[in-house]
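Chemist: I'd like to ask some things about the structure below.
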Amino acid sequence: MRAFQVTQLVHHSQIQLSNNVPEPIPKEGEILIDVHSGGLNFFDILQTQGKYQIKPPLPFVLGTEFAGKVAQNSPIPQGCPFKPGDRVFGAGQGAYADKMAAKYDSVLPLPDALTYEQGAGLYVTWPTSYEGLVGRAQMKPGEWVLVTAAAGGVGIAAVQLAKVLGGKVIAAAGSQEKLEIAKRYGGADYLIDYSKPDWQKDVLKITNGKGVDVVFDPVGLIQSSFKCMAWRGRAIVVGFAAGSIEKLPSNLILLKNISVVGLHWGAYRIHENERVGEVWKELLELFSSGKAKPVVYSEVYSLDTLSQGLTALEKRKTYGKVIVNIKKNNGAKL
Ligand SMILES: NC(=O)c1ccc[n+]([C@@H]2O[C@H](COP(=O)([O-])OP(=O)(O)OC[C@H]3O[C@@H](n4cnc5c(N)ncnc54)[C@H](OP(=O)(O)O)[C@@H]3O)[C@@H](O)[C@H]2O)c1
């Protein structure tokens, strides 16, 4: 089969597509997937170089998020709710290939309303954004919500979800182009370019001096956001896309009665497994009803051009989820 296989730890631009990789053999609890589309993540770029915390033994096939069909020759382990031919999405190692093996409990049914392209980018980002706003920030209708990197994968999902939850949403991003995306695909109410100095003053103006109740931050802008947070505000630490881990001054947290809360979605399976099902139930309903709509970056890649997609992500050029189509016509509901 075709696969984007890592045989030595190098930058992705040095990896060629392999055409003769053996099909994976599912282990206990795994099913075999015909991959239609894969979702790109920043950690893929780190993983090919051995700089990510998950280090599969060489050689390994890159890619985690996928959407596809359960393969006709897949084993169906006891308790697995799927059958061959079912449309599914989820995560496992080796998504950038014709076939991959994935644990059946890391796989979900793909709603009829969604294409494979849309489904391939859901598994990591959407529950992160949902649980950040609902479970961690306890966001209420009518509250002011500031989302940083608002056109990015988790950011644009957070903008949409905060709107669905009845929030007044201020989208913040690093360029006018990305802010337009946050408005067009996220439905943001107000737009702030955080590449400009004193952007917090504009947030205070928008909120009539009150400041925002919730900050959803995948970038590392929590300390900067303290300047425009309301009394009893909640700041959610989602990630450090800007590259450095913030050290926060606790006096500012005290002065405004602020709560700083962390969110590590990947660890819910270990510590709070029952919550995983609850979050997905809500999200699948939102997708099926059309209230939430995954956003796919305008340029969709193929296995041959995958490396260019990873480079676009690395260079901060993309918005929404960047997708690679393994099979053709994945914008349609096959
Ligand atoms: N906590 C969790 O459970 C969890 C789950 C998923 C993801 N995350 C984390 O959330 C972060 C965002 O993930 P994502 O999938 O949304 O990524 P993404 O789609 O690549 O978006 C990241 C955005 O961050 C902004 N950014 C600011 N400074 C940057 C820099 N120096 N380099 C690159 N980007 C920069 C960029 O937007 P602008 O150009 O508009 O600034 C970029 O589009 C990552 O750090 C990821 O690890 C955490």
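Chemist: Under a point spin-label approximation (7 Å from Cα along Cα-to-Cβ), what is the residue 208-residue 55 distance to one decimal in nm?
Modeler: It is 5.6 nm.
Chemist: What is the magnitude of the charge dipole of the chain about its Cα centre, with +1 placed on the Cβ of each Lys and Arg, -1 on the Cβ of each Asp and Glu, and no other charges, expressed in debye to the nearest 20?
Modeler: That gives the chain a dipole magnitude of about 660 debye.
Chemist: Ok, one more. Ordered by packing density, taken as the mean number of other Cβ atoms within 10 Å over each peptide's residues, highest first, how do 145-156, 279-290 rank?
Modeler: 145-156, 279-290
Chemist: Compute the Rg to Rh ratio over region 125-266 from the alpha carbon atoms, using the Kirkwood formula for Rh, and round to two decimal places.
Modeler: Details: Rg = 13.2 Å, Rh = 14.4 Å.
Rounded to two decimals, Rg/Rh equals 0.92.
Chemist: Further question: Taking 0.36 nm per intervening residue step and subtracting the Cα-Cα distance, what contour gain separates residue 73 from residue 20 on full extension?
Modeler: The residue 73-residue 20 span can extend by a further 17.2 nm.
Chemist: As an exercise, use a Förster radius of 25 Å and the Cβ-Cβ distance of residue 140 and residue 242 to find the FRET efficiency, rounded to the nearest 0.05.
Modeler: Using R0 = 25 Å, I get an efficiency of 0.30.
Chemist: Taking the Cα centre of region 125-266 as origin and charging only Cβ (+1 Lys, Arg; -1 Asp, Glu), how large is the dipole, in debye to the nearest 20?
Modeler: Roughly 320 debye for region 125-266.
Chemist: I've got another one for you. At 0.36 nm per residue, minus the direct Cα-Cα distance, what do residue 328 and residue 275 gain on full extension? Give it in nm, one decimal, please.
Modeler: That works out to 15.6 nm of additional length.
Chemist: Shifting gears a bit: What length, rounded to one decimal in nm, is gained on full extension from residue 252 through to residue 267, with 0.36 nm per residue of separation minus their alpha-carbon distance?
Modeler: 2.5 nm
Chemist: Order of 295-301, 194-200, 53-59, 223-229 by packing, highest average Cβ count within 10 Å first?
Modeler: On the way: 295-301: 18.4, 194-200: 13.6, 53-59: 10.0, 223-229: 21.0.
Order by mean packing, descending: 223-229, 295-301, 194-200, 53-59.
Chemist: A further question on this structure: Considering the dipole of the chain built from charges on the beta carbon (Lys and Arg +1, Asp and Glu -1) around the Cα centre, which of 26, 220, 192 is farthest to its positive end?
Modeler: Positive-most Cα among the choices belongs to 192.
Chemist: If the cut-off is a Cα-Cα distance under 20 Å, which lysines reach residue 293, setting aside same-chain residues fewer than 8 apart in sequence?
Modeler: Excluding near neighbours in sequence, the set is 163, 168, 178, 183, 281, 321, 333.
Chemist: Any idea what diffusion coefficient the chain gets from Stokes-Einstein, in µm²/s, Kirkwood Rh on alpha carbon pairs, 20 °C, 1.002 mPa s?
Modeler: 105 µm²/s
Read-outs: derived from the displayed coordinates by stated rules, not from any lab. What you are looking at is a predicted structure, and each value in this text was computed from that prediction instead of being measured. We place every Cβ from the backbone using ideal geometry, glycine too, and count neighbours over all the protein chains shown.
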